Amino acid sequence: MSENNEKITTCPYCGAKLKHPYWAHVQEKHPEEYQKKQTWLKLFEDYRSMGMDVDISLQVIGELFNVEPEEVRFFLEQNNIL
Ligand SMILES: [Zn+2]
């Protein structure tokens, strides 16, 4: 499982290894994506297709965008992804 956990700290846009806080990298290097919640939909589908659990996917997206996982869940539910 440790190898899977390593992937969580990789930037989904440029593949950079990320350190806490993950969102700081996305905000600085990918400001357009950072603004768009639509990005969450694609990321979630990407993570799910990689076999990641729903809860872990929500947590990772939350960490990338500095929001609570529940906010990610709410947005995905609104978009009929969850
Ligand atoms: Zn990046």
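The values are calculated or read from the model by the stated rules, or taken from the named source; none is laboratory data. Everything quoted here is computed from the prediction, not taken from an experiment. Cβ sites come from the backbone with ideal geometry, for glycine too, and all protein chains shown count toward neighbours.
Quick look at the values:
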item	result
Residue list for region 49-66, restricted to those being surrounded by 14 or more Cβ atoms within 10 Å (Cβ to Cβ) and free of Cβ contacts under 8 Å to residues at least 12 places away in the same chain	59, 62
Positions within region 26-36 being over 15 Å from residue 67 (Cβ atoms) and near the ligand (Cβ under 10 Å from one of its atoms), in sequence order	28, 29, 30
Count - residues of region 49-74 that are in contact with a helix residue (DSSP H, G or I) (Cβ under 6 Å, 6 or more places away or on another chain) and in a helix (DSSP H, G or I)	12
Test result for residue 61, more than 16 Å from the ligand (Cβ to nearest atom) and hydrophobic (A, V, I, L, M, F, W, C)	no
Unmet criterion (only one of (1) within 16 Å of the ligand (Cβ to nearest atom); (2) at pLDDT 95 or above; (3) not hydrophobic (A, V, I, L, M, F, W, C)) for residue 20	(2)
